[in-house]
Amino acid sequence: MSKLLAALIASLFASVAMAQASAPAATPAVTKAEAKADKADAKAANSEAKADAKADTKVNKAQAKADKKKSDASADAAKTKAKAQAKVDKADASDKAKESAKAEKTDAKADADVAKTDVKADTKVTKAKADAHSDKTKAAIKTEKTKAEGQADVDKAAAKSN
């Protein structure tokens with residue numbers, strides 16, 4: 001651990017010493033290009049943050065909607081199962097076996113409907129997450145492009161001044 005710490009401190013001092021090396025004086029054109037690039041970078045970063053927030057909001061809405069559909073489906077299934085069981089409980093002794101079989105069939109159908117609803121809801125959430133990831137990636141690429149263009153403009157201004 002102490003070796004790692006010593007290496008980090010040594011690299012810090014080395015980078016500080018290199019940073020203090022005298023840089024060539026910046027011309028007004030270079031300064032103007034740097035300011036323009038910084039402004040564009042800030043605007044791009046802000047745009048990327050907005051895109052990220054918007055994508056996250058879409059995912060959260062999709063997740064909430066899916067959770068509501070799942071809970072509604074479960075409640076409907078529970079209600080259907082309760083009705084079927086009530087019929088079994090009301091049935092005469094002679095009809096009890098028949099009603100019990102119907103209730104089991106109804107329970108299985110209700111469970112299948114819940115599972116189907118869950119899968120559909122989860123699929124929509126997964127799609128929303130994929131779309132959000134795509135949107136975030138596009139925004140990040142756009143930001144990197146803006147930064148690269150700004151740096152190219154600064155380099156171009158510096159080359160002209162030399």
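Read-outs: derived from the displayed coordinates by stated rules, not from any lab. Quick caveat, the model's predicted, so the values are computed rather than measured. Note that each Cβ is placed from the backbone with ideal geometry, even for glycine, and that neighbours are counted across all protein chains shown.
Quick notes on this one:
- Working note: Karplus 6.51/-1.76/1.60 with θ = phi - 60° gives the range 121-130 the couplings 5, 5, 5, 5, 5, 4, 5, 4, 5, 5 Hz, where Gly and Pro are set to x.
- Computed about its Cα centre, the charge dipole of the chain is approximately 460 debye, with only Lys, Arg, Asp and Glu carrying charge at their Cβ.
- Full extension of the chain segment joining ALA159 with ALA140 gains 4.0 nm, where the gain is 0.36 nm per residue of separation less the Cα-Cα distance.
- A Gaussian network model of the chain, with springs between Cα atoms under 10 Å, assigns the largest mean-square fluctuation among LYS96, LYS109, LYS39 to LYS96.
- Sequentially through the range 64-78, phi angles give Karplus couplings (6.51, -1.76, 1.60; θ = phi - 60°) of 5, 4, 5, 4, 5, 4, 5, 5, 5, 5, 5, 5, 4, 5, 5 Hz, Gly and Pro residues having no value and appearing as x.
- Listed by chain and number, the aspartates and glutamates placed with their C-alpha closer than 15 angstrom to that of LYS124 are ASP56, ASP67; residues fewer than eight positions away on the same chain are left out.
- Read-out log10 I(q)/I(0) by the Debye sum over Cα atoms at q = 0.11, 0.16, 0.19, 0.20 Å⁻¹, derived from the coordinates shown; its label in (1) -0.47, -0.96, -1.27, -1.36; (2) -0.76, -0.99, -1.09, -1.13; (3) -0.48, -0.91, -1.16, -1.24: (2)
- FRET efficiency, ASP76 to THR126 (Cβ-Cβ, R0 25 Å, nearest 0.05): 0.60
- The phi-based Karplus calculation (6.51 cos²θ - 1.76 cosθ + 1.60; θ = phi - 60°) puts the 3J(HN,Hα) values of the range 144-158 at 4, 4, 4, 4, 5, 5, x, 5, 5, 5, 5, 4, 5, 5, 5 Hz, whole numbers, x for Gly and Pro.
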